[in-house]
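Shown next, in structure tokens, is the structure this report addresses.
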Amino acid sequence: MPITPDIPLSEELEVVDTSLVFQAMALMSGIIAMAVSCILRENLAGTLTLDNCEEFSLLKTRTAAGIIVFVALIYFFLLSIQTLNEAVTPCDGLSGKVNLMASFLVLVASALRLYDLTAIAPRFLSEPEALEIEELPLL
């Protein structure tokens with residue numbers, strides 16, 4: 001006789017499957033960030049040895065990696081809200097609150113990184129000597 005899962009179990013399986021997709025996105029972002037770091041290292045090594053290396057900005061690639069991880073973090077933040085709302089015991093509720101706060105802080109850190117990549121870094125790259133701290137765009 002085949003075992004038929006009940007609705008809550010199949011919903012949990014769907015949540016885990018979706019989480020795996022967003023974890024893969026975060027992993028992909030990390031791999032992109034590592035590739036950017038390798039390219040930067042090669043450029044620096046080329047500069048030290050006076051080899052001609054290509055001059056190009058990796059800002060767009062870094063921004064894309066930041067956006068990918070930001071989207072994944074939004075999902076996990078929303079998942080932590082759902083987990084807190086579904087808490088049954090006081091221990092589950094406390095754990096849910098801690099996870100919600102941690103997810104929120106990580107999401108804010110990622111948003112600040114994106115702000116740096118999209119609002120501050122492009123302006124600094126275009127006019128490095130003209131940019132003053134007081135002139136930085138506000139949050």
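Just so you know, in the range 39-55 the residues that are part of a helix (DSSP H, G or I) and among the β-branched types (V, I, T) include one that is modelled with the lowest pLDDT, and it is T47. For the range 56-108, a tally of residues being free of Cβ contacts under 8 Å to residues at least 12 places away in the same chain and not in a helix (DSSP H, G or I) returns 5.
Entry remark, the range 8-29: residues being among the polar types (S, T, N, Q), farther than 14 Å from F76 by Cα and either in contact (Cβ under 8 Å) with a residue 12 or more places away in the chain or not in a helix (DSSP H, G or I) (or both) number 1 in total.
The values are calculated or read from the model by the stated rules, or taken from the named source; none is laboratory data. Quick caveat: nothing in here was measured; it's all calculated off a predicted structure. As a convention, Cβ positions derive from the backbone with ideal geometry for all residues, glycine included, and neighbour counts pool all protein chains shown.
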